Each structure stands twice: as structure tokens, then as C-alpha cells.
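The next block holds one structure in the form of C-alpha cells; read it before the comments.
The values are calculated or read from the model by the stated rules, or taken from the named source; none is laboratory data. As the structure is a computational prediction, the values presented were derived from the model and not from experiment. Reconstructed Cβ throughout: ideal geometry from the backbone, glycine too, with neighbour counts over all protein chains shown. For accessibility, only protein heavy atoms count, side chains too; no ligands or nucleic acids. Shrake-Rupley method; radii C 1.70, N 1.55, O 1.52, S 1.80 Å.
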Amino acid sequence: MAESYIPQQIESKWQEKWEADKLYKAVIDPTMPKFYALTMLPYPSGDIHIGHWYAMAPSDVRARYKKMQGYNVLFPMGFDAFGLPAENAAIQRGIHPKTWTLRNIDRMRTQLKSMGAMFDWEREAVSCLPGYYRWTEWLFLKFYEMGLAYRKQSPVDYCPNCKTTLAREQVVGEERICERCGTPVVKKDLKQWFWRITNYADELLDFSEIDWPDKIRTLQTNWIGRSEGAEVVFKVAPEDMLAEAGAPGTGVPGEGDLVVFTTRPDTLWGATFMVLAPEHPLVDRITKPEQRNAIADYQTQATRQTEIERLSTEKEKTGVFTGAYAINPVNGERIPIWVADYVMMTYGTGAIMAVPAHDERDFAFAKKFELPIPVVIKTEDWDGEPLEEAQPGEGVMINSGPFDGTPAPHPAVEKVTSWLEDQGKGKAAVNYRLRDWLISRQRYWGAPIPMVYCDKCGAVPVPYEDLPVLLPDDVDFMPTGESPLKYHEEFLHTTCPKCGGPATRETDTMDTFVCSSWYHYAYLSPYYKDGEPLDTNSIPWDPEEAKYWTPVDTYTGGAEHATMHLIYTRFFTKALRDAGLVDYDEPMLQLRNQGIILGEPRLGDCVEITGEWDGATFRAQEVKVYSFKDQADWPSAGRSDNRVCGEVMDRDDVSLKVRVKEETEEVDEGALVVVQIKEGLPVIIPGKEGVGNLGDILYHLEVEKMSKSKKNVVAPDDLVTTYGADIVRAYLMFGWRWELGGPWDSQGIEGVVRWVHRVWNLIQEEPRDRVPVQPEDEDTLLRAMHRAVKAVTEDMENFSFNTAIARLMEYTNAITKARAALWGTAAWEQAIHTLLLLMAPITPHMTEELWAYLGKPYSIHQQSWPTWDEEMLVESTLEIPVQINGKVRGKITVSADADEETIKAAALAEPNVARHTEGKQIVKIIVPKGKLVSIVVKK
RNA sequence: GCCGAAGUGGCGGAAUAGGCAGACGCAAGCGACUCAAACUCGCUCGAGCUUAGCUCAUGUGGGUUCGACUCCCACCUUCGGCACCA
């Protein structure tokens, strides 16, 4: 009798042995091809949750599969350990962020180890340790040296709840709320550090060297938002330039020049007014005295509008005339200059030429303020009447001087652009939506920005040899909106590295995305050269390791990082390349995203309560509970003077929300009743002895993201205790399409449980009733084996994990069928060895145990991945369907090498086919090789 | 509004250089084993009908084709992203 399968015993046993044997230590071996597999590192929030498993377990499976295929695999793990939650814990609970973080990391490392992944823990890197963040600081200095870092005063998004600035991509939705806490952000004018990611905008649009999902490529492309067009110079009408306007305008080339960016220079002749953003520097200088007040009011209102929540969903155009005019450079017309908030200071030049006939926004504005709308592009269906709406489509240029008759937009745009260049009135230009990366955060728990401010010398970088700038431990965390470091005298005051005079340190720290932009390099040699002094020529990692392992071959993680981490890390590697630190353009060659596991939906229990009404609420005297599992036995829902009955939709300490109408009925106001339950009131659960309490009652759960407050969290630790890691790994692969994810299904896992147990018993238990071997048995089994090897290999390669498991289940079924006849034969041995090898990456412990049981050499994880023989897949006879006019009417069995005529004859002879062709004219017969027979008949 | 993805049994999902729709599982039903239950094993399982077979069926409506989940056109729904980007 076989040993029963007790995963709790075998899993820890093998995990200990693998660790002791350093089975997964990744060591450079120039004789082997390398494979750098990487999965996004977790934030140490406290517990590993099912989402981490869903992301990491299949990634581990694939790393193991690559290892068996003969690659030298590096599969590291670490922690993204700086960030707000640690600091919030400090504020709320008085725990130091470092203590909180390191404690969580210890806990999560242990939890991760229960997964049985092949992580090389000797390469673990934790971004909040000085050995790590001094290199983050070093990289800042490098970027500064390269001219990629700069500091400027600018309006930034600020979360009043987190008390820190946010990068643009951390502000979400139309309501512009903080991604982390949902608080509406406000604008603050602060001096901040930026990185010139825009230098790489064009290069970031090029995905030709990487195999990344279309979705991510599209998101990044849209985020960068490249648009081609022209910059055109409009002159302010000379009489409108004010005498006192002496100072040169910021970002404006010539005195009184208004530069606009347009994607449609071919519509220049239709520009009948101009619009400046309220913050545009020229506004104050050109506004006529009589318009001063109106403009000033409008500017104030516009500023406030970004600060208060934008309530209005309809965006009625607003604006104020400055009183001044500009000259349209192509036809010399005087056109009014307006100020309106539909023009953004942050895009293009903050000024536009308005062409109402061919731009929807300009059209709406012109309609509202009764400005002329001349047509300059004649579209096919234009009847010559005034336009009802803007016509941005294709057409032919009219009323456009020398260009009349030119097809627009092409080649009109190109022709007009080069004409403008010849005339010195404009030039071709490219604009991006992407803006420089704001990295300053007014927080303590982040990598310090290694800069010093001196009254004499200004901003001075901390010398490389003085790194790291260490975070002091004794900091007061009370949030003020400024970095806590600002109030730490010892940290704040320093001497200027240049002149030796008194100076202060930068007290802002870096966005944590900086740390995670280079962690895949940190894994190569964690905390490299810790303690040794640095200089400008240092390298943050062991160059030999980098040369062998990088770039990353396969990167897996969530698609939610598309416009943040995944764009920053590409930028980083391009900057590192320009710094001479790497010799390639892209950090990760292949990227795949997994989906999200949501909470499991579930009915609530049913309660039948007697009591009495008190206004709209019902006071309970007795509560009877019926389990959500036995819906058939529920008493019928409803409400009366002394009774309320229905499903529990929600619950708190003193009340239940009960749905008093049946599922099928329309839900209205009266469908939910709030029942007040006094503390200690007995709760009667039929079939259960004694009294329960309110906390025993389960309430209705919808499909939602898992969260502690919704109490729909699936804890991997519990699952491992119940089922073992192997089964959880396999189920996470089998239950959903990996890239989509979906709601958790606690019953679905049973299928995987049965499968794994079946394999376990299949190999260990000799069949009780043997049957004689039939001649074709061996072929059938081996054919199934070769099929499985092929299918599983292809599925692994394509991240199609659910079908890989399905194929393995199919193969297991085939072996089960062959068992009674073939047990103990050579073919049997081959079949079960192959099954174990194919399953080894998925269920590493259980296959290792069975491999040892069969007396095979340790370790199964050092064996080669099986290969298949195409010839073995071919069957000698085929069953193929016969269609008549596209409908299947029968099936025939023919030998695989039968010629077309034989197949046709067999098809026509099939009784049901013959019945359907009788008395009809056969038009033609199509025979795609080995697939089917298609007969076309006519009456 | 714009961009992108997805709609297949009661459920998760298979199948796309066009070729037997529903692989593999879950749930359900029936049966075997058992004193009994659980486990396990076997069978049934898209809907309908006048059931050796036939009709309908992959979000809806058209089209191409001997043949369409797959390709084309129009539309609907859901999800994700962007949102006055000139």
C-alpha cells in the first residue's frame, strides 16, 4: 500500500534539502547559455497575499522549465522597501519605518519560501538598506553630472493627506485624486528635482528590440503622446505691446512674439483668433488697461479651479478677451488674443492659434463668443453654408492664398511647413505629452537626494566619496507637509563641499520608483562594495555578473505599472547606456503581464428574525440563521409586523442588513432592512447545539478586489496549510487565463487536488486487476506521451499555463487507462518518468519525492526537459468528419496514408452521407489533407 | 469623446495560416463500493424536437466561403487607459 500524500511533510523536507545543497544558487558559467528570469519585487506591506503567488508561482514554473531546458537561470527576489506606508505606520503606531519594514520583510521572506520557488536568496536586495541606497544616490549624482537632473520651481500635484508631492501618473481620474489614498490633490508651487526623461521620448517610442505586450506598448506610446506639426510665430500687433513691457518674456523667442504649436499648419489661413493659457507670461504684458480686471479675475478663478474639485462634467468654454491683437503671419490679418483655460500652459507653448472651422474646441469657443468661422479646408460634403460643427476631416485647401487646391492634410501640412520655414515664420516641430519625471518627495522614508545648498555656491552635489548620505534614525515623523528631515538639525546643517562654508542639505527624498528602476542590476551583486569609497568611475554592480546575466530575458508583473515603473526602468537603462555602464538599449527583452485574482463571490446566510419595528429599523428579539450553503432550505424572504426574513447583505457589530426580497424581484428602497441586534442576543443556528453570536453570521460578498476591510482575502498561508504549496501553485496556473485572472473559486481547487493525488497513487499503487497487453497499447501510451511533451512545451513557452495543466491531466488520464495492462513495463516506466519531469516545474516537491521513490538520481530539478519525436505523433488511422454543405453528416475511419480518391469513396459510402446525397447532384468534393471531407450538393 | 482589450454551457475556460464548437476541470445528476457517510471509481451533462436522426447555438445584425468562435462591415455590452494635448 502506498504512502499517502502529505504535502506538509515532504514540502518542508525538500525545501530544507534544496537550501542546504544550494540547488538554486546562480553561478556564472560561460559554457552555458544564461537566462535571467525576473518577476516584479514586492512592497513589504506585511503579508504575502494570493496576488503575489499568482504573479510569482507561474514565473517560477517557467524559470524552472528554462533550467531543465539547459539554461543557467538567474531568478532573484528582493524588496521594494522605501515608501509611504512605512512612514504612515510610524505616524499612526509609533513604530520606526525601518523596524516596521525589516520586520515585514522577515515575515514575507518566510512566507515566500513556503512557495518552493527557485529564488536565489543569496542575491536578495532590499532597497532601504544603506548598501543599496547609496548606489541610488550615486546614480542621482551620475545623472546630475550628465545633465539629466535639474531643479526648478514649478506647480506640482500635492496630496494633502499623504503630505507629499506626486508624479503626474500618480494622480488619477477626472477628479484628480491621489492614487494611494483617494484624496483630491492640490497644486503647490515648490522647488523640485526633475529628471529629463523627455530627452529619451523618441527612443522610448521604439519597441523594435523588445517583445512586450501590445497593451503596454500602446499605453506607453499614448502616454508619451508624440505629435508632429509646426511652430508658427505670430507677432503681437505693434500698437498692443505696452510701453512698460521691457523684460524679455520667458520662453518666448523675440519681443512680442507669440509662438504656437499646431499639428495643422495647413489651416493657418482659418486662424481667426488666438488663445493664451491663463498662466502664459505674455498675458500681463499685452492686456489692455480696460481688460485688466476681467483678466485678473479670470486668472484667479482658473488657478482656484485646479485647486478645488472640478465638479462640472460638461466643459462649457470660458475665456476673456485681452483687448490686444496679433498679426496672422500668412495673411497679415489682425486677430484678437483671448485668454482661456482650455489652453494648457503645460503642453506645447501654452498658446494656440484658433481655427474654429476645423477644430472642435475652437469651434465651440467661437460659437460662444461669436467669432468668425471661415472655412479653409473644403471637405467633400460641405455645401458652402456656414458650418454646424467643426470639420477636422480631409479636403482641399481654399481661401489660403498660394495653397488653394492643395489636398489636406497631406501633402498640405508638409508644403505649408516648408513654406513657413522659407519665410522665416515657423518651423517643423514635434511635441510630447510626456513630461520630465518629478522625483522629489517631502518624506523621510526614501533615498536621500545627495545635494547641498550653499548661499555662496548654490546647489552643490555631495562628493561621490562622501556617499552615502545616511538617513538619521532619530526623526520626528509628525506630518507637516515638509520632509521630517528638515527638522533634524544634525542632518540639515552641513558644510559646503565647494567652499567649506555653512550649508544645508536637500531634505526631500527620491520617489521610490527610482529605487525600483535599477533593482534588476542590484541583484547581480547586492550591496556591491559595501563600505568602500566611491567615485565618479565606480560601477554600482559587479561588471562580470552584468556582462553574463543582463539584460533580463523574461520579466513578469502587473500591467498597472505600464506608465510608471515600466517606462522609468527603460529610461534608466538608456541613461545608464549613455553613462557607459551598459552596452544595450533595453533592460527587459520580453515582458508578460499577469492579471488579478479577485475576491470570491458568495451568498450571505439567511436570517429569520422576530421582533418589532422602531421607525425604519427593526429590533430583533430572536434570530434564526440558515446557512448560505443550503439555499433550498431557506424560509421565504419577506417582512411583516413582527418578522423579517432574508439574506444578510452586510453586518456590523450591532446590526444586520437583510434583503427581504427574493433574488429575482426588482430591488427597490424597501428591499433592504436594517435590523438592530442587542449585544448578547442569542442566535439560533438549526442543527447546531447551543447559541451562536452575531459574528457567526456570514454576509453577502460580491466579486471585488480583495481587501482586508472587505474580508474577502484569500491567504496563501492558509491554503498551503490545507493543500500544500504544490497544489496551490498548480491551481493558480490552471484556474484562469494567466493574463486575465478573475474571482477566486474555492471549489475549483478540488480538481487539482484530485489530479495531484491521482498522480501520486498512480505511480505507487500496483493495479489490483491486471489485464493482458494488447498489441496497440504501448503505441497508444507512447503517442500520448509525445503529444503531451509537445503540447506542454509549447504552452510553457507561450505562458499558456492553464492549457499546460489541462494537457498534463489528459496525459495522466491516458496513463491511468494504460495502467492495468502496462504497469511495470519499459513503456510504463518511460511514461511515468516523463510525466514527473513535465510536472517538476509545477509541483516541485511532490515530483522530487516521487522521483526519489522511484530510485532516480537526485535531483529531478537537475534533469533535462523531455523532448518529443514528431513521427511518434502520427496515427496509423484517422477518424475524419464528412460534411455536406457545411454540416457534419458522418464520420469515416481511413488509414493515414490513404489517397484522396479512397477517402472520397469512403465518405460517399458512409450510410448517413449516402442518405443525404441520394438523388442530389454532387457539385464538388473538397478534401483538405487529414482534416475532413466536404461535399457540395445541389438538388 | 478618443485609444485598447474582451464577450463561447450553470461556472473557470479550450479550439483562430478558416476545417468535428465546448478540450481540461468545477458544479449538478445517476450508478458502483460502504452498515452509513466521506474518499475513490464508472456513466450522463449546450438548448430543443416528431431522438438510428434532425433543428438551433460562440454578444446582435449583415457579408465573404464548400465550410466562420476564427476573416470583412455595422452595432450593443463590459473592462482598462487617456481626457480640453492644439
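Right, residue A:495: in the same structural domain as residue A:587 (by TED's automatic domain parsing) and among the β-branched types (Val, Ile, Thr) or not? The answer is no for residue A:495. Taking helices (runs of 4 or more DSSP H) as the structural unit, those lying wholly within segment A:827-939 and holding at least 2 residues that are within 16 Å of RNA strand B (Cβ to nearest atom) correspond to A:870-873, A:900-909, A:911-917. Inclusion of residue A:596 among residues that are within 21 Å of residue A:38 (Cα to Cα), modelled with pLDDT of 90 or more and touching a Gly at 6+ places or on another chain (Cβ under 9 Å) is warranted. Restricting attention to segment A:617-635, report how many residues are in contact with a strand residue (DSSP E or B) (Cβ under 7 Å, 6 or more places away or on another chain) and open to solvent by 40 Å² or more (accessible area, probe 1.4 Å). Adding up the residues that qualify gives 8. Give A:242, A:190, A:219 a once-over and let me know the one that is at pLDDT below 95, within 29 Å of residue A:449 (Cα to Cα) and aliphatic (A, V, I, L, M). Only one candidate qualifies: A:190.
Residue count for segment A:604-634 satisfying the condition of being part of a loop (DSSP other than H, G, I, E, B) and either in the same structural domain as residue A:51 (by TED's automatic domain parsing) or free of Cβ contacts under 8 Å to residues at least 12 places away in the same chain (or both): 1. So for segment A:390-400 (the condition being within 15 Å of RNA strand B (Cβ to nearest atom) and not in a loop (DSSP other than H, G, I, E, B)), does at least one residue qualify? No, that holds for no residue.
Looking across segment A:795-814, just one residue is more than 9 Å from RNA strand B (Cβ to nearest atom) and either at positive phi or not in a helix (DSSP H, G or I) (or both), and that is A:799. Every listed requirement among (1) outside any helix (DSSP H, G or I); (2) surrounded by 13 or more Cβ atoms within 10 Å (Cβ to Cβ); (3) within 16 Å of RNA strand B (Cβ to nearest atom) is met by residue A:410 save one, (2).
Scanning segment A:815-826 for residues that are open to solvent by 30 Å² or more (accessible area, probe 1.4 Å) and within 16 Å of RNA strand B (Cβ to nearest atom) turns up A:816, A:817, A:819, A:823.
Just one of the listed residues (A:57, A:117) is outside any helix (DSSP H, G or I) and modelled with pLDDT of 95 or more, and it is A:117. Looking across segment A:172-196, the residues that are open to solvent by 20 Å² or more (accessible area, probe 1.4 Å) and under 23 Å from the mean Cα position of the chain (by Cα) come down to A:172, A:173, A:174, A:175, A:176, A:177, A:179, A:180, A:181, A:182, A:183, A:184. The residue list A:141, A:112 contains one member that is under 26 Å from residue A:52 (Cβ atoms) and part of a helix (DSSP H, G or I), which is A:112. Could you list all residues from segment A:872-894 that are among the polar types (S, T, N, Q) and exposed (fewer than 13 other Cβ atoms within 10 Å of the Cβ)? Across segment A:872-894, the qualifying residues are A:876, A:877, A:893.
Of the residues A:705, A:678, A:688, the single one that is of a type outside the set (A, V, I, L, M, F, W, C), modelled with pLDDT of 80 or more and over 30 Å from residue A:58 (Cα atoms) is A:678.
Taking residue A:382 and the conditions (1) within 16 Å of RNA strand B (Cβ to nearest atom); (2) assigned to a loop (DSSP other than H, G, I, E, B); (3) open to solvent by 20 Å² or more (accessible area, probe 1.4 Å), which numbered condition does it fall short on, given that it satisfies the others? Residue A:382 satisfies all of (1) within 16 Å of RNA strand B (Cβ to nearest atom); (2) assigned to a loop (DSSP other than H, G, I, E, B); (3) open to solvent by 20 Å² or more (accessible area, probe 1.4 Å) except (1). Of the helices (runs of 4 or more DSSP H) lying entirely inside segment A:703-794, those containing at least 2 residues that are farther than 21 Å from residue A:53 by Cβ and open to solvent by less than 30 Å² (accessible area, probe 1.4 Å) are A:749-764. For segment A:496-525, residues that are open to solvent by 30 Å² or more (accessible area, probe 1.4 Å), touching a residue at least 12 places away in the same chain (Cβ under 8 Å) and over 24 Å from residue A:195 (Cβ atoms) total 2. Every test in (1) closer than 23 Å to residue A:477 by Cα; (2) open to solvent by 40 Å² or more (accessible area, probe 1.4 Å) is passed by residue A:134 save one, and that test is (2).
Residue A:445 fulfils the conditions (1) open to solvent by less than 50 Å² (accessible area, probe 1.4 Å); (2) over 30 Å from residue A:192 (Cβ atoms); (3) in contact with a Phe, Trp or Tyr (Cβ under 8 Å, 6 or more places away or on another chain); (4) part of a loop (DSSP other than H, G, I, E, B) except for a single criterion, (2). So if I check each of A:614, A:653, A:641, which one is at pLDDT below 85 and of a type outside the set (A, V, I, L, M, F, W, C)? Every option except A:653 fails the conditions.
For residue A:869, the criteria (1) open to solvent by 60 Å² or more (accessible area, probe 1.4 Å); (2) without any contact (Cβ under 8 Å) to a residue 24 or more places away in the chain hold in every case but one, which is (2). Tell me the residue from A:10, A:105, A:50 that is among the β-branched types (Val, Ile, Thr), touching a His at 6+ places or on another chain (Cβ under 8 Å) and open to solvent by less than 40 Å² (accessible area, probe 1.4 Å), please. Among A:10, A:105, A:50, only A:10 is among the β-branched types (Val, Ile, Thr), touching a His at 6+ places or on another chain (Cβ under 8 Å) and open to solvent by less than 40 Å² (accessible area, probe 1.4 Å).
When residue A:73 is tested against (1) closer than 24 Å to residue A:541 by Cβ; (2) assigned to a loop (DSSP other than H, G, I, E, B); (3) more than 23 Å from the chain's Cα centre (by Cα), only condition (2) is not met.
If you go through segment A:856-884 and pick out every residue that is over 29 Å from residue A:26 (Cβ atoms) and modelled with pLDDT of 95 or more, you end up with 0. Pairing residues of segment A:16-28 that are open to solvent by less than 50 Å² (accessible area, probe 1.4 Å) with residues that are of a type in the set (A, V, I, L, M, F, W, C) and outside any helix (DSSP H, G or I), at Cβ distances under 7 Å and at least 6 apart in sequence or on separate chains, gives A:24/A:118; A:24/A:119; A:26/A:73; A:26/A:74.
Entry remark, segment A:735-762: residues being within 26 Å of the chain's Cα centre (by Cα) and aromatic (Phe, Trp, Tyr) number 3 in total.
Consider segment A:321-353 and keep the residues that are among the hydroxyl-bearing types (Ser, Thr, Tyr) and within 15 Å of RNA strand B (Cβ to nearest atom). The one that is nearest to residue A:230 (Cα to Cα) is A:349. Among the numbered conditions (1) in contact (Cβ under 8 Å) with a residue 12 or more places away in the chain; (2) touching a Pro at 6+ places or on another chain (Cβ under 9 Å), the only one that residue A:367 does not meet is (1). Residues in segment A:334-378 that are among the polar types (S, T, N, Q) and surrounded by fewer than 17 Cβ atoms within 10 Å (Cβ to Cβ): A:346 alone.
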